[in-house]
Amino acid sequence: MSVLVVVECDGGEVKKSSLEVASYGSQVAQLLGTSATAVAVGEATEANLAKLGEQGITKVLYDAEPRLKDFVNGAYTKLIAAAAQQEDAKVIVLANSNIGAAVGSRLSVRLQASLATNVVELPKTDGSSFTVKRGAFSGKAFADVTLAGERKIIAVKKNSIEALHEAGKTAEVVSFSAQLSDADFADAPKQVVMQDQAGGILLPEADKVVSGGRGMKGPENWKLIEDLAQALGAATACSKPVSDVDWRPHHEHVGQTGITVSPNLYIACGISGAIQHLAGVNSSKVIVVINKDPEAPFFKAADYGIVGDVFDVLPKLTQAVKELG
Amino acid sequence: MKFLVCISNVPDTTTKITFTPDNKEFNKAGVQFVINPWDEYALTRAIELKEAQGGGTVTVLNVGEADTEPNIRKALAIGADDAIRVNAFPKDAFFVAQQIANIAKDGGYDVILMGKESIDYNGFQVHGMVGELLGIPTVAPAMKLDMSGNTATLEREIEGGKEIVEVNTPFVASCQQPMCEPRIPNMRGIMTARTKPLKVVEPTGEGARTEVSAYALPPAKQGVKLIPAESAGELIKLLRNEAKVI
Ligand SMILES: Cc1cc2nc3c(=O)[nH]c(=O)nc-3n(C[C@H](O)[C@H](O)[C@H](O)COP(=O)(O)OP(=O)(O)OC[C@H]3O[C@@H](n4cnc5c(N)ncnc54)[C@H](O)[C@@H]3O)c2cc1C
Ligand SMILES: Cc1cc2nc3c(=O)[nH]c(=O)nc-3n(C[C@H](O)[C@H](O)[C@H](O)COP(=O)(O)OP(=O)(O)OC[C@H]3O[C@@H](n4cnc5c(N)ncnc54)[C@H](O)[C@@H]3O)c2cc1C
């Protein structure tokens, strides 16, 4: 028996969310008195995979098949299912990402496992029962969910688990083949189009976010948001009406019907704080609100606030960040 | 072409979430239920594709108890041709997925459309499970869906970009913006919806694999610390020294 962790890699690097997933998996293994093995997908280097030892992983399975570089639902599912069989995995942990959720739901049917997505804490288990805490009602609540059966699959929400860093520990990297055939790549994407990300920081993975609403008045003013984001090393985001009128691209829209984020720092500029917007951001650790209306509902959900004009306040903040050095 | 659109019945987005005193159940009192906002994209796109093809049918499917029927009728008013309700409390994603898969198989549907995720339970998993149960591809979450004959071209959102995916029918896709502009019912739609067929069937298959043991609300914020606009730079110092987030 073991715990199997699915690690997503991109451009040779292990994704930040996968470091969290690996740390989660190794702690579950400890709870269950077993070890954690990882199976890596995407473009990885052996050196970076070995470093997963720092997150408590003992062994990493890697299939260097070049067609696995980009996500292919059929092939990824088969690969991970094969790894789970080989390792006799009782718990499989993956990221609550578009890849993790797509694979996790298929795996749960194929392996007859129970599945919890959007999980935010380590499980509670007494050997027989197994309960995890997950986000529900689009960020407005949490639910404790009991998972039945021999096998469990857990998809961990980004930024909810602290990654472990035990310097110097390394994992053994073992080559692995699931004997994939052409048929397993039938649903391979025809084309992958990446966006230009401000400063290369992806919103779903970001630990700092600067976000703008209708109070920014127009797309031409977004330089103020981008400047502060760049100075902080933050990703940029926006409210729904802003992406609805194409001031900003749709993938920046956060909220109940957009992306849910839980960064360490969320700075809201000219956003009123409607309930649907708050649902997507209220699990952020620290929320800063800049709004000229002292009655804006967002202040009730904030840790720090400035009642003022964004056009006056934002340049001052950017300047102050630069002065920090 | 036969479209099957799965709709979930969820609390309106403005709902303030509360639970029963024992924290075991969601408090439905005074809550208005709506069609899951993502599912409206699936429904509208199915109707648009049917219209473009000049034929075919759009069936809506809900797994739920009788109190979901007003929203099923609303989907019929928006333009679906008929509806099926599986008469059961949607205990968990796997339970729901089995019901959908069985109906999809028996009815020979070509395209099965869903929303990205339910805004109450946020599973983001029913579509993958249905695809696996039927042994057909699932594309989730899809931002664009076009059909040409039996081949669909979809844009699938990935972290930081998108993929262009081509699949043949039958397939499952879960929908989100900017796929289409969700339609709202018009007077004629509301009138005709009353007489469109709504079939109620009993559930089949296995039970649920998960169970909620308790709900909780997020911890309340301590109250906002206001910094005067004139000394905005102070905020940055607080974020570094007090909150320790930069
Ligand atoms: C089904 C449904 C789903 C929804 N989902 C989402 C969602 O996922 N995400 C989302 O964001 N919204 C969502 N909404 C919309 C939501 O209800 C609000 O309409 C929206 O969040 C408001 O956006 P805003 O705060 O940018 O704009 P507004 O509400 O117009 O607020 C602008 C704010 O800027 C302030 N302001 C103006 N000028 C300045 C200035 N110079 N300096 C400082 N402050 C200034 C104003 O005081 C005001 O508070 C949804 C709505 C529905 C019905
Ligand atoms: C108060 C309350 C309590 C609930 N308790 C539980 C619980 O304890 N455990 C649990 O797992 N679920 C529970 N549900 C049910 C939940 O809303 C779903 O119907 C089901 O669990 C699948 O949710 P999901 O978030 O996994 O779906 P997702 O995978 O997020 O949904 C994706 C898509 O699947 C389709 N879909 C989802 N549900 C249905 C449905 N019922 N009928 C037709 N199509 C559907 C929709 O197109 C949806 O957009 C509860 C719901 C409510 C309102």
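Net charge near B:Trp38, counting Lys/Arg +1 and Asp/Glu -1 over other residues with Cβ under 13 Å of its Cβ?
Taking every Cβ under 13 Å from that of B:Trp38, the sum is -3.
Can you figure out the FRET efficiency of A:Asp88 with B:Thr57, using R₀ = 51 Å and their beta-carbon distance, to the nearest 0.05?
0.65
Would you mind calculating the relative contact order of chain A from Cα pairs under 8 angstrom and at least 6 residues apart, reporting the percent as a whole number?
Answer for chain A is 15 percent.
At 7 Å along Cα-to-Cβ for each site, give me the label-to-label distance between B:Asp146 and A:Lys285 in nm.
So the two model labels end up 4.5 nm from each other.
What distance in nm separates the two pseudo spin-label positions at B:Glu69 and B:Thr153, each 7 Å out from Cα along the beta-carbon direction?
The modelled label-to-label distance comes out at 4.4 nm.
For chain B, what is the percent of antiparallel DSSP beta bridges, rounded to the nearest 5?
40
Compute the Cα gyration tensor for segment B:187-246, then decide on rounded, prolate or oblate, letting a ≥ b ≥ c be the square roots of its eigenvalues: rounded whenever a/c is under 1.5, prolate when a/b is larger than b/c in the other cases, and oblate in all that remain.
oblate
Using a Gaussian network model of chain B with C-alpha springs under 10 Å, which one of B:Asn87, B:Asn27, B:Asn62 is most mobile by mean-square fluctuation?
Greatest mean-square fluctuation among the candidates belongs to B:Asn27.
Mind scanning B:Lys16/B:Lys105; A:Lys190/B:Lys105; A:Lys51/A:Lys240 and naming the pairs with a C-alpha gap bigger than 31 Å?
B:Lys16/B:Lys105; A:Lys51/A:Lys240
Provide the per-residue ³J(HN,Hα) series for segment A:218-235, in order, calculated from phi with Karplus coefficients 6.51, -1.76, 1.60 and θ = phi - 60°, each as a whole number of Hz, with x at glycine and proline positions.
Karplus values, whole Hz, x for Gly and Pro: x, x, 5, 8, 5, 4, 4, 5, 5, 4, 5, 4, 5, 4, 8, x, 10, 8.
Just need the relative contact order of segment B:65-140 here, percent rounded to a whole number, with Cα pairs under 8 Å and 6+ apart.
It comes to 27 percent, rounded to a whole number.
B:Asp81 versus B:Thr204, label points 7 Å from Cα toward the beta carbon: distance in nm?
For B:Asp81 paired with B:Thr204, the spin-label model returns 2.2 nm.
Highest first, please rank the peptides A:138-144, B:5-11 by the mean number of other Cβ atoms sitting within 10 Å of their residues.
By packing density, highest mean first, the sequence is B:5-11, A:138-144.
Using Cα springs under 10 Å in a Gaussian network model of chain A, which residue among A:Ala183, A:Ala75, A:Ala40 shows the largest mean-square fluctuation?
Of the options given, A:Ala183 has the highest mean-square fluctuation.
Could you calculate the contour length gain from B:Arg183 to B:Thr169, that is, 0.36 nm times the residue separation minus the distance between their Cα atoms, to one decimal place in nm?
Gain in length upon complete extension: 2.5 nm.
Rounded, prolate or oblate, given the Cα gyration tensor of chain B, with a/c below 1.5 counting as rounded?
Prolate, since a/c reaches 1.5 and a/b exceeds b/c.
Can you give the helix-only mean residue ellipticity at 222 nm for chain B, where every DSSP H stretch with n ≥ 4 adds -39500 (n - 2.57) and the sum goes over all residues, rounded to the nearest 500 deg cm²/dmol?
-8500 deg cm²/dmol, from helical runs alone.
Quick check: net charge around A:Val307, other residues with Cβ under 9 Å of its Cβ, Lys/Arg +1 and Asp/Glu -1?
So the surrounding residues net to 0.
Ordering B:Glu155, A:Glu43, A:Glu13 from largest to smallest accessible area (1.4 angstrom probe), what's the sequence?
A:Glu13, A:Glu43, B:Glu155
What list of ³J(HN,Hα) couplings, whole Hz, do you get for segment A:299-313 from phi and the Karplus terms 6.51, -1.76, 1.60, once you set θ to phi - 60° and write x for glycine and proline?
Each residue of segment A:299-313 in turn: 4, 5, 9, 9, 8, 10, x, 10, 8, x, 8, 4, 5, 8, 6 Hz.
Quick check: net charge around A:Lys69, other residues with Cβ under 10 Å of its Cβ, Lys/Arg +1 and Asp/Glu -1?
-3
Could you work out the mean count of beta carbons from other protein chains within 10 Å of each residue's beta carbon in A:112-119?
Mean inter-chain Cβ contacts per residue within 10 Å come to 5.
Partner chain Cβ atoms within 10 Å, averaged over the residues of A:168-177 - can you pull that number for me?
The mean count of partner-chain Cβ atoms within 10 Å per residue comes to 0.
At a threshold of 8 angstrom on Cα-Cα distance, excluding pairs fewer than six apart, so keeping six or more, what relative contact order does segment B:1-113 reach in percent?
In percent, rounded to a whole number, it is 36.
For B:Cys180, tell me the accessible area in Å² from a 1.4 Å probe, rounded to the nearest 10.
Here the accessible area works out near 20 Å².
As a test, work out the antiparallel percent of DSSP beta bridges whose residues both lie in chain A, rounded to the nearest 5.
The antiparallel fraction comes to roughly 20 percent.
Taking a ≥ b ≥ c as the square roots of the eigenvalues of the Cα gyration tensor of chain A, is the shape rounded (a/c under 1.5), prolate (a/b larger than b/c) or oblate?
Verdict is prolate for chain A.
The values are calculated or read from the model by the stated rules, or taken from the named source; none is laboratory data. Predicted model, so just to flag it, every value in this text is computed and none were measured. Every residue, glycine as well, gets a Cβ built from its backbone with ideal geometry; the counts of neighbours run over all protein chains shown. For accessibility, only protein heavy atoms count, side chains too; no ligands or nucleic acids. Shrake-Rupley method; radii C 1.70, N 1.55, O 1.52, S 1.80 Å.
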